[in-house]
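Since every read-out is calculated from the coordinates, none of them should be taken as a lab result. Note that the coordinates shown come from a computational prediction; the quantities given were computed from them, not determined experimentally. Counting neighbours? That spans all protein chains shown, and the Cβs are built from the backbone with ideal geometry, glycine included.
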């Protein structure tokens with residue numbers, strides 16, 4: 001009995017090991033790590049995630065306490081100086097990276113989920129449904145998300161609330177899914193034309209099973225690249241929401257730090273230590289996603305690879 | 001004999017696409033396509049109008065009361081309770097059935113009546129938007145067009161030199177700038193080129209010493225004041241065009257019709273031109289979409305540059321909860337973007353028969 005159990009666990013371990021080695025040796029990972037740009041991107045992203053998780057614990061002061069002299073330039077006690085309200089900028093940055101990342105990732109996941117659903121159902125349903133989804137996609141594609149954020153944000157403000165993280169992620173997902181849906185739709189249509197799909201249909205495999213087991217797998221690189229694009233939009237959108245002043249301005253994230261710095265015109269009065277760190281960190285985060293996508297692009301489009 | 005290669009070239013570019021074999025090319029104006037597009041346009045337009053109508057009615061209280069209490073709080077003296085009634089009339093708020101209210105709302109819209117602004121009381125929203133629109137339009141159109149041409153040329157150069165150092169530098173630099181939210185890059189440029197090195201004005205659309213009108217000093221001043229705002233939008237939107245074109249021209253250079261042209265002995269410059277034209281098409285269809293991107297950038301950067309466009313009023317409107325102005329901006333931007341897309345769609349349908357089939 002016990003021997004069987006150990007054999008079982010050995011087999012399990014063996015298969016786990018196999019799975020891991022298959023994962024690390026898979027073309028996907030090899031290409032991601034083989035591409036210098038996406039390797040750099042992944043390293044920076046891991047650093048961001050680390051600060052995102054532990055930043056709050058590492059921060060020397062409370063990010064919101066107004067306990068110091070205002071507008072102190074950087075010093076040993078305050079590596080990034082203080083704000084016009086006497087808050088420690090360094091602590092704000094360390095604490096703010098986590099929520100910023102979370103908004104980006106969650107927007108990325110939700111918006112990509114919507115694009116996959118919309119793209120696949122537009123690709124595989126009757127002509128009427130398909131063209132209806134297509135029309136909605138095209139509308140969301142061309143309408144600048146910023147005016148929708150403005151309209152909803154203003155009405156939240158009128159109701160004496162503001163866009164909290166949940167409302168923010170909802171609005172950003174709503175305004176950010178369309179681009180991916182269109183790409184996925186055309187990809188789904190061209191994948192569906194392949195011979196192996198036709199033969200699966202002839203063997204008698206169910207449509208749903210074909211969609212989930214074959215087509216989604218074939219489209220995985222595009223879905224991943226779409227995730228990073230929508231995550232970029234999520235981070236960008238967070239700064240839009242905060243910049244317009246319709247967000248939760250008392251929370252600490254890179255967008256709110258930026259909002260207060262801009263609101264005090266730190267770019268004209270010269271407190272660069274207040275305004276530059278959030279600006280650079282936001283832009284670097286988005287650039288990181290772009291770098292990773294270089295590798296993902298080479299996976300989905302083999303003709304871009306170096307030989 | 002001299003024009004022989006060009007002849008083949010045009011034949012090849014005309015028939016390169018794998019889809020073309022099963023597409024019937026109908027000559028003339030595609031009426032069915034235009035009708036379909038027009039119906040979609042009208043449906044979408046009315047959806048936007050309807051959202052704009054419904055949202056205020058989901059607010060606690062009614063918009064007239066919110067507006068009225070805001071005015072009272074801000075101490076507008078010319079306000080009397082009778083004005084509340086007038087506001088309610090203007091908003092079409094009554095105990096009438098919602099469909100009747102909707103009808104009155106549409107009638108008011110078609111008369112160009114968007115209500116009265118609160119933060120610029122008593123100026124009508126429509127006249128504020130009319131003075132602001134040209135500035136925003138100027139920035140959006142100029143920046144998009146320049147970015148489109150520059151981006152495609154750079155992308156062509158990068159793609160033809162793929163994996164060379166030039167390619168990597170162009171890709172990374174343009175994508176790096178694209179990673180900035182427009183307003184962030186805006187104040188960084190302002191900080192460097194207006195505050196630290198006083199090369200450009202700190203803001204506004206033209207100098208205080210010139211008189212607006214069609215005179216030379218005014219035009220020069222407008223261009224001078226718009227350099228930094230334009231540069232911001234161009235830098236943040238270049239990357240999309242560059243990478244789009246680069247990633248299209250690379251597979252295009254490996255495709256069969258290019259190999260065939262090579263075997264026919266075309267010069268390298270001719271081959272590059274054929275590949276470029278084919279890679280350009282997907283970027284062309286992205287043009288309308290990129291307008292929306294530029295609009296976002298411009299709306300957000302105008303406050304940074306104190307540029308008197310729609311974006312500047314948008315920030316003021318949100319700060320003072322000026323609902324009539326907010327709703328006016330919402331409608332204006334959406335209608336402008338939809339109309340631009342409608343026109344572009346129709347032009348594409350006429351220029352490229354494949355698109356008609358695709359849209360179906």
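Table for the structure above
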read-out: Tail fraction, Cα-Cα pairs, the protein assembly as shown, threshold 33 Å, whole percent; value: 54 percent
read-out: q = 0.15, 0.16, 0.17, 0.22 Å⁻¹, the stretch B:95-192: log10 I(q)/I(0) [Debye, one scatterer per Cα]; value: -0.84, -0.88, -0.93, -1.17
read-out: Projected area averaged over orientations for the stretch B:199-282, convex hull of C-alpha atoms, nm²; value: 8.8 nm²
read-out: Ellipsoid equivalent to the stretch B:130-274 - semi-axes via the Cα gyration tensor, in Å; value: 39, 18, 12
read-out: Virtual paramagnetic centre 7 Å along Cα→Cβ of residue B:39, amide N under 16 Å, in the stretch A:115-145; value: A:127-136
read-out: Volume per residue of the C-alpha convex hull in the stretch A:35-161, rounded to whole Å³; value: 191 Å³
read-out: Over the stretch A:262-307, volume per residue of the alpha carbon convex hull, in Å³; value: 93 Å³
read-out: Mean projected area in nm² (Cα convex hull; one quarter of hull surface) for chain A; value: 23.4 nm²
read-out: Cubic angstrom per residue, convex hull over Cα atoms of the stretch B:264-316; value: 87 Å³
read-out: Potential lengthening between residue B:29 and residue B:121 on full extension [0.36 nm per residue; Cα-Cα distance subtracted]; value: 28.2 nm
read-out: Theoretical ellipticity at 222 nm over chain A - DSSP helices of four or more residues, -39500 (n - 2.57) apiece, nearest 500; value: -25500 deg cm²/dmol
read-out: Chain A - percent relative contact order, Cα under 8 Å, separation 6 or more; value: 25 percent
read-out: Whole-angstrom gap from the stretch A:80-105 to the stretch B:234-259, using each part's C-alpha centre; value: 38 Å
read-out: Relative contact order (%) - the stretch B:192-266, alpha-carbon pairs under 8 angstrom, separation at least six; value: 19 percent
read-out: Where the Cα pairs of the stretch B:149-235 fall when distances are cut into 5 Å bins, in %; value: 3, 13, 17, 16, 14, 14, 11, 7, 4, 2, 0
read-out: Projected area averaged over orientations for the stretch A:223-307, convex hull of C-alpha atoms, nm²; value: 7.0 nm²
read-out: The stretch A:45-88: relative contact order as a whole-number percent, Cα under 8 Å and 6+ apart; value: 34 percent
read-out: Folded to 0 to 90 degrees: helix A:165-176 orientation relative to chain A principal axis, Cα; value: 50 degrees
read-out: Peptide-level mean, for B:292-298, of C-beta atoms on other protein chains within 10 Å; value: 4
read-out: For B:232-241, mean number of other protein chain Cβ atoms within 10 Å; value: 0
read-out: With Cα atoms, 0 to 90° folded angle of helix A:127-142 axis to chain A main axis; value: 20 degrees
read-out: Within 10 Å of each Cβ in A:86-93, the average number of Cβ atoms from other chains; value: 0
read-out: D_trans [Stokes-Einstein, Kirkwood Rh over alpha-carbon pairs] for the stretch A:90-211, 25 °C, 0.890 mPa s, µm² s⁻¹; value: 147 µm²/s
read-out: Whole-number D in µm²/s for the stretch A:202-251 (Stokes-Einstein; Kirkwood sum over Cα pairs; 4 °C, 1.567 mPa s); value: 94 µm²/s
read-out: Packing-based ranking, highest mean first, of B:243-250, B:36-43, B:307-314 given that Cβ atoms within 10 Å are counted; value: B:307-314, B:243-250, B:36-43
